[in-house]
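As structure tokens, the structure follows; a few thoughts come after it.
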Amino acid sequence: MVPSGGRGNGSGRIGTVGVVGLGTMGAGIVEVFAKAGLSVVGVDGTPELAERGKGFLTTSTGKAVARGRLSEQDQKALLDRVTWTASVTDLADVDLVIEAIPERLEFKIDLFSKLDDIVRPDTILASNTSSLSLTTIAAATKHPERVIGMHFFNPAPVLALVEVISTLFTDTKLVREVRDLATRLGKKPVVVGDRAGFVANALLITYLARAIRLYETGSVSREDLDNAMRVGAGFPMGPLTLSDLIGLDVVKEVCDVLYEATKDPSAAPPALLQQMVTAGRLGRKTGQGFYDYG
Ligand code: CAA
């Protein structure tokens, strides 16, 4: 049974949120909303994937308990605010849906047009896409004015940035409402237009691609390359470690989108990155990327 949300004005009207796609980002986004006291419906394609999402949340909040950042009682209350399902029809009465499924435009278009028929007319439809055209996704729906980007950064429970992405269709009141919601979640929203990679990924992913190309030359070890940027430039992680954290498949997908849109050669996916993705070495999530995660 999915709890129903209250209606009103402003971000306070958002009481129940659906998160579709419970991989690294989706599970992290569930945690952010549940931690802020909202009811969440976590959806993935099969009961096993929904169960895996529940496992991610239990592990992540368990670490917070172990570190003394969350009491066991608060962990239980947080977990109780989330229901898990393999059926998008369980989103019929949520106030906001955030999509965090794989970065394939056709999958997203398909999901948004299904959601259009399932949710209430005033439900906000948000995408966590890293770089795909939100305008194209919105245009495939019956109510493009309620479609918006809400782009979280990995790890979502820790990083404060949320890019709020508006298109030519997006209702300006909705932009304000989603920005206020991000603030209510303890995040720092920035409002950006719909262009490839928005702001953060347009700059960051090009930097990561350049770092991988430098590593390909064999002129520097992975550790020294990472240390150069971590110790010398003040980044919290070196670019190869960060690529492993983001997921090399995601880095490649964003490179593809940026290169397609800009033809900027520095955004083109490096050969090594392409090979690693083909080999299934996707970084932390598969246990092997530029580094090994035993
Ligand atoms: N989930 C939840 N909490 C996590 C976490 C995770 N996956 N990873 C780390 N944390 C928490 C830790 O529990 C710890 O909390 P406390 O201090 O309260 O105990 C805190 O974060 C710091 O963690 P650590 O001490 O283990 O390590 P750290 O100080 O090196 O921080 C980091 C880890 C937050 C990941 C930091 O290294 C960092 O900010 N790295 C850069 C990450 C980044 O740039 N991400 C953006 C990627 S781009 C993107 O996501 C967009 C896209 O579309 C591709």
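No lab work stands behind these numbers, since they all come straight from the coordinates. Because the structure is predicted, anything quoted here is derived from the model rather than measured. Don't worry about glycine lacking a Cβ; one is built from the backbone with ideal geometry, like all the others, and counts go over all protein chains shown.
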Show the residues, 5+ positions off or on another chain, whose built amide H is closer than 5 Å to the amide H of Ala268. none
Through the Karplus equation 6.51 cos²θ - 1.76 cosθ + 1.60, θ set to phi - 60°, convert the phi angles of segment 71-88 into ³J(HN,Hα) values in whole Hz; use x for Gly and Pro. 7, 4, 5, 5, 4, 4, 4, 4, 5, 5, 7, 10, 10, 10, 8, 10, 10, 5
Over segment 200-285, what is the relative contact order in percent, taking alpha-carbon pairs closer than 8 angstrom and at least six residues apart? 34 percent
Estimated vicinal HN-Hα couplings, Hz - segment 121-127 in sequence order (Karplus 6.51, -1.76, 1.60; Gly, Pro = x): x, 9, 6, 7, 10, 10, 10
Need the C-alpha centroid separation for segment 139-196 versus segment 28-50, integer Å. 18 Å
Within 10 Å, count the other beta carbons around each residue, average over each peptide in 217-230, 237-250, 65-78, and list them highest first. 237-250, 217-230, 65-78
Can you work out D for the chain in µm² s⁻¹ from Stokes-Einstein, where Rh is the Kirkwood radius over C-alpha pairs, the temperature is 37 °C and the viscosity is 0.692 mPa s? 167 µm²/s
Lysine pairs within the chain, Cα separation less than 13 Å, 8 or more sequence positions apart or different chains: 4
Taking Cα centroids, how far is segment 218-287 from segment 104-136 in Å? 28 Å
Note, ³J(HN,Hα) from phi for segment 223-239, Karplus 6.51, -1.76, 1.60, rounded to Hz, x at Gly and Pro: 5, 5, 4, 5, 5, 4, 7, 6, 7, x, 10, x, 6, x, 9, x, x
Going by average Cβ neighbours within 10 Å, how do the peptides 282-288, 185-191 rank, with the highest at the top? 282-288, 185-191
Helix-only mean residue ellipticity at 222 nm for the chain, each DSSP H run of n ≥ 4 adding -39500 (n - 2.57), per residue, nearest 500: -14000 deg cm²/dmol
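Report relative contact order for segment 1-100 in percent, whole number only (criteria: Cα-Cα under 8 Å, sequence separation at least 6). Numbers along the way, then the final one.
Numbers: 168 pairs, mean separation 41.2, N = 100.
Contact order relative to length: 41 percent.
Two decimals is fine: what's Rg over Rh for segment 200-285, C-alpha atoms, Kirkwood radius as Rh? Intermediate values should be presented prior to the final figure.
Working: Rg = 12.1 Å, Rh = 12.8 Å.
Computed over Cα atoms, the ratio is 0.94.
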Run through all the Cα pairs of segment 90-249 and give the fraction in each 10 Å bin from 0, expressed as whole percent. 10, 35, 30, 16, 8, 1
